[in-house]
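Working notes, structure below.
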Amino acid sequence: MQSTSMAHGSLPLLYTFHFYLFGLIAIVSALLFVTRKSPVAAALWLVNTMFCLAALYVLLDAQFIGAIQVLVYAGAIMVVFLFVIMLLNLGQGIRNDIRGLGWKLTAGAVSLAILAEIFALTKARTPMVLTLPQGYIAQQVAETGAITPIAGPLFNEYLLAFEVTSVLLLAAVVGAVMLGKERGGERAR
């Protein structure tokens, strides 16, 4: 990871711009997540926050953690959250959140910004400061493996926190199912 030895002022402008851009989008998305009345809209803002965090991990040269962020959190756990929301039938107020003219204009502006970034990134050359030597990654994978730097601390030092988090998520899903059954029973009476 060469980027850790560089001073902040020596980073390329494009890298610094994207780091702060994804950080700002993550903060705004997290604020929108906690302020939405519709649980479905809130869950979608949480997915956007997770994607921005994954982009930050990739910018920090932690591609594996970025991929896991997308696959596990933005993928699997959000599917469970949306399943619970659908089970409880909480998605009634989504129309007020996404059908206004302001949201359509915002979506168009974000789409244009993403297209401009894709165009700029395809035309830009990677600076030598951010380029790894030839065969560096293959050498690191041969020495320690691709997963060892992540899996070692996760399943040794942080195993308890990892398992407590999974039990907490399981308890939340079971609680939501029980609330859904109680609410369904009241309607039948």
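Structure summary
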{"quantity": "L160 vs. criteria surrounded by fewer than 11 Cβ atoms within 10 Å (Cβ to Cβ), free of Cβ contacts under 8 Å to residues at least 24 places away in the same chain, more than 17 Å from I68 (Cβ to Cβ) and outside the structural domain of A55 (by TED's automatic domain parsing)", "calculated": "yes"}
{"quantity": "Among (1) modelled with pLDDT of 90 or more; (2) surrounded by fewer than 13 Cβ atoms within 10 Å (Cβ to Cβ) - the single one N96 does not satisfy", "calculated": "(1)"}
{"quantity": "Single match in E143, E182, E157 (criterion: modelled with pLDDT of 85 or more, at negative phi, part of a helix (DSSP H, G or I) and of a type in the set (D, E))", "calculated": "E143"}
{"quantity": "Residues (crowded, with 17+ Cβ neighbours inside 10 Å and small (G, A, S)) located in segment 48-87", "calculated": "A54, A55, A62, G66, A74"}
{"quantity": "Neighbours by Cβ (under 6 Å, 6+ apart or cross-chain): first from segment 38-51, free of Cβ contacts under 8 Å to residues at least 40 places away in the same chain; second charged (D, E, K, R) and surrounded by fewer than 20 Cβ atoms within 10 Å (Cβ to Cβ)", "calculated": "A42/R36"}
{"quantity": "Segment 112-127: number of residues that are among the basic types (K, R) and part of a helix (DSSP H, G or I)", "calculated": "1"}
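The values are calculated or read from the model by the stated rules, or taken from the named source; none is laboratory data. Quick caveat: nothing in here was measured; it's all calculated off a predicted structure. Cβ: placed from backbone, ideal geometry, glycine included. Neighbour counts: every protein chain shown.
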